[in-house]
Amino acid sequence: MTGTTKTKKLSKKQRKNPLNNYAKYSALGFQMMAIILLSLFAGIKADEYLNMEFPLFTLILTIAGLAASLYYLFKQVLK
């Protein structure tokens, strides 16, 4: 009997698992987007504050935000 209850429990987990993964990865996408957009906004504001002709801080902070979001992605996926 214990073998059949384990099988039933696994099948229930497998049914819930696709929805949990969908929610997990869609939230991860929004978090990545937020990291990139916040770094972009900070770069634009830094360039405006320093009266830069070339958007140096926008480029640097956006690339740093992209790298940080990719690091966060790999960290969460490998969990």
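What to note about this one:
- Residue selected from region 54-79 under the condition assigned to a loop (DSSP other than H, G, I, E, B) and either among the hydrophobic types (A, V, I, L, M, F, W, C) or modelled with pLDDT of 95 or more (or both), by the criterion farthest from the chain's Cα centre (by Cα): Phe54
- When restricted to residues that are exposed (fewer than 15 other Cβ atoms within 10 Å of the Cβ) and within 19 Å of Phe30 (Cβ to Cβ), region 43-67 contains 1.
- Here Arg15 meets the list (1) modelled with pLDDT of 75 or more; (2) in a helix (DSSP H, G or I) almost entirely, failing just condition (1).
The values are calculated or read from the model by the stated rules, or taken from the named source; none is laboratory data. These figures come from a predicted structure and were not determined experimentally. Glycine also receives a Cβ, built like all others from the backbone with ideal geometry; neighbour counts cover every protein chain displayed.
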